[in-house]
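I have placed the structure first, in the form of structure tokens, so that the comments after it can refer back to it.
The values are calculated or read from the model by the stated rules, or taken from the named source; none is laboratory data. Note that the structure is predicted; figures quoted are calculated from it, not measured. All Cβ positions, even for glycine, are placed from backbone atoms using ideal geometry, and neighbour counts span all protein chains on display. All accessible areas refer to the heavy atoms of the entire protein, side chains included, with ligands and DNA or RNA removed. Shrake-Rupley method; radii C 1.70, N 1.55, O 1.52, S 1.80 Å.
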Amino acid sequence: MPEPPKPDLSAIPSMTVLLGESRSVPGLRDEPPAVLADALRTVLERLRRRLLDGATQPEDCRVQVLLEQARQELAARRSGRLRRVINATGVILHTGLGRSVLAAAAVERLASLGKGYCNLELDLDTGRRGRRGQYAEGLLCRLTGAESALIVNNNAAATMLALNHLAQGREVIVSRGQLIEIGGSYRLPEVMAAGGAILREVGTTNKTHLRDYEAAIHDRTALLMHVHTSNFRIVGFSESPGTVELAELAHRHRLPLFDDLGSGALLDDELWAAANEPTVPASLRQGADLVAFSGDKLLGGPQAGILLGRREVIEPLRRNPMARALRIDKLTIAALEATLELYESPGRARREIPVLAALSATSADLSTLAERLRESLARRMPEAQLRVTPGESFAGGGSLPAWPLPTVVVQWLPAAGLRLDALAARLRTGDPSVLVRVQDGGVIFDLRTVGEGEIEDLAEAVAEAART
Ligand SMILES: *Cc1c(COP(=O)(O)O)cnc(C)c1O
């Protein structure tokens, strides 16, 4: 049988030619040569394979075609990097979008400290070694009434460290109604196992009594644990002992009570009272020996895990080798310090910490913003069907699931022929990326999570997506 003709690979331009020509292409000329060469190799390899398969045409070998493919290849690679997203979903603590937005003061602090050296572990007064995070820990104690504080990477780390130190190889008593799963692979029984503690479940899903805890206490019990069911509620025929009763029981048996508060509402505040959200100072006052919570949920700071409580419980944790592995980075400390300083004047915290500002926005504030967005969109898309209407926002991030947050949204009913999911995808992949809710046959822009300074960019991105 005659051999099939060998494909002609000589039509492929050389790397030298391609690199030379790329210098006159706007999307490519600023790329570092090594990066460009790597993208071109990918493109050429693809072309070679298609030529060998006989699945290509001569024009595929043209220099301009290959350079355009290299430009697309680089754009596809770069699209994975972190970039700005306008969050019009109304979900305030959107885990997919980085949970809390930092206060301007926090951003300034981390930017200025990131540029140079800082006194991370040096006491500048004495010239001796200082402790990382000491100032932030002091602030936390003063703000909440805790005796001691320890900051690690996130609340999962805080919980694992606490359980490893206080309960390795021993039992931790938890109500069945509190064995939570938080998004992103956090499941309490698994965190407990990773920390080396033995889970001792008591009660039932909907009802756990104090006597259930008491009956489970024996000489291998390390501690009692209370877990805030952050992201769900059990309503109806349900019951579980509060912090006061649990602390009293634990202390009667000389055991500590560990309260995983999750969201971390930092101060006693009308906002949290209205939302029926337990606060950090309240838990400590009610007798918890150790509380843990996230820095980037209701606190509104950077990702961190914060442990607060009695000195003799917290101090030994610092010497656990896990604490070293879970230690927090200087930029996080910088942002956390600036955020906590805002809490020193609670009014300022509520105005300047974006999570708190979003939660306390009034319908008058939101209506004004919605009207501005509607006008801005109408200017760009005079034919569009737009209306300002009531809606509902969500705290998100596993916080306040049962707290209704009435909001004001702009609803856009696109012309027939524009598919809503395709439109939402175009908005998501645009620059800036825009995330929206699709609901009731329209696209919803919730102003609760859109900054005042983002309205024009948002309108422009929408007009662009409607055009293409
Ligand atoms: C969110 C949450 C966690 C996990 O916190 P991360 O900071 O995301 O690690 C743990 N426990 C509870 C109760 C939570 O709500």
Accessible area per residue in Å² at 1.4 Å probe, computed on the stretch 9-78: 59
I'd like to know how the stretch 341-417 sits against the 2.2 N^0.38 Å rule of thumb: what's its Cα Rg over that expected value? 1.39
About the Cα centre of the stretch 9-78, what is the dipole size in debye to 20, counting +1 per Lys and Arg Cβ and -1 per Asp and Glu Cβ, all else neutral? 100
Leaving out ligands and nucleic acids, and using a 1.4 Å probe, what accessible area per residue does the stretch 195-299 come to in Å²? 41
Taking each pair of distinct Cα atoms in the stretch 40-79 once, what is the resulting Kirkwood hydrodynamic radius in Å? 10.5
Compactness check, the stretch 258-299: C-alpha Rg relative to the 2.2 N^0.38 Å globular estimate gives 1.05
Sort 92-101, 125-134, 68-77 by packing, meaning the average of other beta carbons within 10 Å per residue, with the highest value first. 92-101, 68-77, 125-134
Please state the relative contact order of the stretch 9-78 as a whole percent: Cα pairs under 8 Å, 6+ residues apart? 41
Per residue, how much space in cubic angstrom lies within the convex hull of the C-alpha atoms of the stretch 317-375? 137
Among the DSSP beta bridges whose two residues both lie in the chain, what percent are antiparallel, rounded to the nearest 5? 60
Average the reciprocal distances over every distinct pair of alpha-carbons in the stretch 360-468, invert the result, and give the Kirkwood radius in Å. 14.2
In the stretch 9-78, carbon and sulfur make up what percent of the accessible area (probe 1.4 Å)? 54
Would you tally the net charge around residue 241, using a Cβ to Cβ cut-off of less than 11 Å, leaving residue 241 out, and scoring K and R as +1, D and E as -1? -3
Quick one: give the max-minus-min coordinate of the C-alpha atoms of the stretch 9-78 along each principal axis, largest first, in Å. 34, 22, 17
In deg cm²/dmol, rounded to the nearest 500, the helical mean residue ellipticity at 222 nm of the chain, built from -39500 (n - 2.57) for every DSSP H run of length 4 or more, is -12500 deg cm²/dmol
Give the carbon-plus-sulfur fraction of the accessible surface of the stretch 104-352 in %, rounded to a whole number; probe 1.4 Å, heavy atoms of protein chains only. 49
I'd like the GluC sites (Glu not before Pro) in the stretch 346-416 restricted to DSSP loop residues with at most 10 other Cβ atoms within 10 Å, sorted by number. 383
Charged-residue dipole, Cβ positions (Lys, Arg, Asp, Glu), the stretch 417-468 about Cα centre, Debye nearest 20: 320
Looking at the chain, which longest stretch skips every one of the chymotrypsin sites (Phe, Trp or Tyr not before Pro) that is in a DSSP loop with at most 15 other Cβ atoms within 10 Å, leaving the sites themselves out? 238-468
Along its principal axes, what span do the Cα atoms of the stretch 51-189 show, with the longest given first and each in whole Å? 75, 49, 35
What is the dipole size for the chain, taken about its Cα centre, with +1 at each Lys and Arg Cβ and -1 at each Asp and Glu Cβ, in debye to the nearest 20? 860
Give the value in nm², to one decimal: projected area of the alpha carbon convex hull of the stretch 218-335, averaged over all directions. 9.1
Directionally averaged projected area (convex hull, Cα atoms, the stretch 418-465), nm²: 3.2
With a 1.4 Å probe and all protein chains kept in place, how do 171, 45 rank by accessible area, largest first? 45, 171
Scan around residue 392 for amide H atoms under 5 Å from its own, H built in the peptide plane at 1.01 Å from N, and keep only partners 5 or more places away or cross-chain. 407
Report, as a whole number in µm² per second, the diffusion coefficient that Stokes-Einstein gives for the chain at 37 °C and 0.692 mPa s using the Kirkwood radius over alpha carbon pairs. 127
How are the C-alpha pair distances of the stretch 72-127 spread across 10 Å bins, as whole percents from the shortest bin up? 16, 27, 30, 18, 7, 1
Whole-Å semi-axes of the stretch 104-352's equivalent ellipsoid (Cα gyration tensor): 31, 21, 16
